[in-house]
Amino acid sequence: MTEMVFPSADWIKAAYEAVNASEEYKKVAKDWEGDFKCTIDVDDIAQKDFTAPEVVEGFVAMIFTADKETRDKYIGTPMDALMKKLTGLADPFNDLKSFEDAKEKVDFTDVAKKMGELKPEDYNKAQTFMLAGFWHGEMTGLKIIGPEDNTDARFVLAGPFGNWKEMVYGRQDATKLVMSGRLKLTGDMSYMMKNIRSIVQFTRDFAKPLSG
């Protein structure tokens, strides 16, 4: 069975609900204030995972959880260039109006095949951005945002898809990934260290839908 990560709107909903159902997270994060802007870089692990058509389909479904204004912010970016290569569409972020429209116009099996044929320079600098909101023991949101959105987020967590996957599957917690340099964290570090238990517990709860 192919492992999937960030595969769909269903996964986003499940991870969000797992955090907010955690009494332990509510307790340790009761004083936490501050959002994370997450930057996910396409890498060789993403290339491998997205050779599965069902993963491609799930990713497209996730993209369409964002409104058109947000999707339009990717036009002209490396992600836009990558989408053009994979779909064969001249303007994918405008040509595709909805997930149902994408299913009619895009052959996910063909996209998966093309993904496997890419060279690293074809996906270099292609990124997806998400915002994870937190306030006093509650995860207030998890959504796709544009590249220049939420520049005032208290923290920015960035890194390649493969390292994010390690966190999402519960194989490594966020603190270890940051300490090892596999994810880069910027922001209010003194606040982070004072509230490190919140991050550790969040990582555990967030991983539950995929870690089993």
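The values are calculated or read from the model by the stated rules, or taken from the named source; none is laboratory data. Values in this document were obtained by computation on a predicted structure and should not be read as measured data. Positions of Cβ are generated from backbone atoms using ideal geometry, with glycine treated the same way; all protein chains shown enter the neighbour counts.
Number of residues in the range 23-38 that are under 25 Å from ALA158 (Cβ atoms) and out of contact with any strand residue (DSSP E or B) (no Cβ under 9 Å at 6 or more places or on another chain): the value is 1.
Under the condition of being in contact with a helix residue (DSSP H, G or I) (Cβ under 8 Å, 6 or more places away or on another chain) and either of a type outside the set (Val, Ile, Thr) or at positive phi (or both), the residues counted in the range 108-133 number 13. Does GLU121 satisfy being more than 21 Å from ALA66 (Cα to Cα) and under 20 Å from the mean Cα position of the chain (by Cα)? Here the answer is no, as GLU121 does not meet what is asked. Considering ALA18, ALA66, ALA81, ALA29, the condition of being out of contact with any helix residue (DSSP H, G or I) (no Cβ under 7 Å at 6 or more places or on another chain), aliphatic (A, V, I, L, M), touching a residue at least 24 places away in the same chain (Cβ under 8 Å) and within 17 Å of GLY133 (Cα to Cα) is satisfied by ALA66 alone.
Selection of the range 92-112 for residues being more than 14 Å from GLU57 (Cβ to Cβ) and either touching a residue at least 40 places away in the same chain (Cβ under 8 Å) or not in a helix (DSSP H, G or I) (or both) yields only LYS97. Annotation note: Cβ proximity below 7 Å between a residue of the range 187-212 that is at pLDDT 90 or above and surrounded by 19 or more Cβ atoms within 10 Å (Cβ to Cβ) and a residue that is assigned to a loop (DSSP other than H, G, I, E, B) and aromatic (Phe, Trp, Tyr) (sequence gap 6+ or interchain) occurs for SER198/TRP32. Look at the range 150-170: where a residue is on the phi < 0 side of the Ramachandran plot and buried (at least 21 other Cβ atoms within 10 Å of the Cβ) and a partner is of a type in the set (Gly, Ala, Ser) and assigned to a helix (DSSP H, G or I), sitting 6+ places away or on another chain with Cβ atoms under 6 Å, you get PHE161/ALA46; MET167/ALA174. Can you confirm whether ALA158 is within 13 Å of MET130 (Cβ to Cβ) and among the aliphatic types (A, V, I, L, M)? Yes: the conditions hold for ALA158.
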